[in-house]
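> Below is a structure I'd like to ask you about.
The values are calculated or read from the model by the stated rules, or taken from the named source; none is laboratory data. For clarity, every value in this text was computed on a predicted model and none was experimentally measured. Here the Cβ positions follow ideal geometry from the backbone for every residue, glycine too, while neighbour counts run over all protein chains shown. Protein only, heavy atoms only, side chains kept; ligands, DNA and RNA dropped before computing areas. Shrake-Rupley method; radii C 1.70, N 1.55, O 1.52, S 1.80 Å.
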Amino acid sequence: SQTIHQWPATLVQPVGSPLSLECTVEGTSNPNLYWYRQAAGRGLQLLFYSVGIGQISSEVPQNLSASRPQDRQFILSSKKLLLSDSGFYLCAWSVQAITDTQYFGPGTRLTVL
Amino acid sequence: AQSVAQPEDQVNVAEGNPLTVKCTYSVSGNPYLFWYVQYPNRGLQFLLKYITGDNLVKGSYGFEAEFNKSQTSFHLKKPSALVSDSALYFCAASSSNTGKLIFGQGTTLQVKP
């Protein structure tokens with residue numbers, strides 16, 4: 001069966017510090033991968049998605065970036081965090097079809113102070 | 001622009017009573033509709049989806065949803081609510097024109113004993 005991991009689970013970082021969040025998927029090959037941000041426990045905002053290694057699409061202009069160095073690894077990064085980057089970050093995966101379900105990881109709670 | 005609306009921020013029901021969580025959508029092309037549930041500080045769990053076929057879709061934990069094309073709705077229902085159903089519920093939609101999943105703002109379901 002497929003599983004998706006995210007780490008760390010929680011993170012407290014000062015403003016201006018760098019960020020690296022990691023997501024890995026097991027039990028499937030060539031998945032679509034997604035990064036979402038959830039602010040204030042409500043709606044989800046799609047940040048990035050990837051259909052393959054090295055292929056990243058950005059949905060929202062911001063100081064975050066994403067990379068996919070391996071087939072089942074997706075990394076969210078920032079060089080300098082802002083207060084507004086605080087939130088709950090969720091990684092998801094799906095099979096390569098628009099009707100397929102997206103399955104979510106456990107999330108990372110980021111607090112920028 | 002494509003959108004998903006969940007008109008109720010919170011729904012309160014007594015344990016054992018039927019529950020309904022409302023969702024309406026606006027997408028171009030054939031809609032693909034999903035329901036997810038989120039428990040505090042956790043990722044989203046998939047409940048059910050409508051792609052095509054029977055308008056009544058059955059999913060996990062006794063939940064079901066009815067697709068109504070004329071009313072562009074996809075309401076989530078359960079015949080008998082449990083206290084453990086208390087959580088945040090998200091409706092989401094994509095379409096044959098775009099594979100991106102758009103989420104509603106979420107509805108908090110509170111089931112009281």
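> May I ask you to derive the FRET efficiency for B:Thr20 and A:Ser1 from their Cβ-Cβ distance with R0 = 25 Å, giving the value to the nearest 0.05?
It comes to 0.20.
> Please give the charge dipole size of the protein assembly as shown, origin at the Cα centre, charges +1 on K and R Cβ atoms and -1 on D and E Cβ atoms. Round to the nearest 20 debye.
240
> Let me ask something else. For B:Thr72 and A:Ala97, what is the calculated FRET efficiency with R₀ set at 30 Å and r taken between the beta-carbons, to the nearest 0.05?
0.85
> If you don't mind, there's one more thing I want to ask. So for the protein assembly as shown: antiparallel DSSP bridges make up what percent, rounded to the nearest 5? Numbers along the way, then the final one.
Numbers: 72 of 81 bridges.
Approximately 90 percent, going by the DSSP bridge assignments.
> Please compare each pair in B:Lys22/B:Lys69; B:Lys78/B:Lys100; B:Lys49/B:Lys112; B:Lys49/B:Lys78 to a cut-off of 20 Å on the Cα-Cα distance and tell me which ones are over it.
Details: B:Lys22/B:Lys69 14 Å; B:Lys78/B:Lys100 28 Å; B:Lys49/B:Lys112 27 Å; B:Lys49/B:Lys78 15 Å.
Over 20 Å apart, Cα to Cα: B:Lys78/B:Lys100; B:Lys49/B:Lys112.
> Turning to a different aspect of this structure: Suppose each label sits 7 Å from its Cα in the direction of the beta carbon; what would the B:Lys100-A:Thr10 distance come out to in nanometres?
3.3
> Shielding by partners for A:93-105, please: the mean number of other protein chain Cβ atoms within 10 Å of each residue's Cβ. Working shown, then result.
Details: counts 0, 2, 0, 1, 1, 11, 10, 5, 10, 7, 5, 7, 3.
Neighbouring Cβ atoms belonging to other protein chains average 5 per residue here.
> Give the interface area between chains A and B as buried accessible surface, both sides summed, probe 1.4 Å, in Å² to the nearest 100. Don't skip to the end; give the middle numbers.
Values: alone 6040 and 6150 Å², together 10460 Å².
Between A and B, the summed buried area is about 1700 Å².
> Now for a separate question. Can you give me the pair-distance distribution of the protein assembly as shown, C-alpha pairs, 10 Å bins, whole percents?
Reading the bins upward from 0: 8, 32, 35, 20, 5, 0.
> So, one more: Going from the alpha-carbon gyration tensor of the range B:3-112, what semi-axes, largest first and in whole Å, does one get by taking the root of 5 times each eigenvalue?
23, 14, 12
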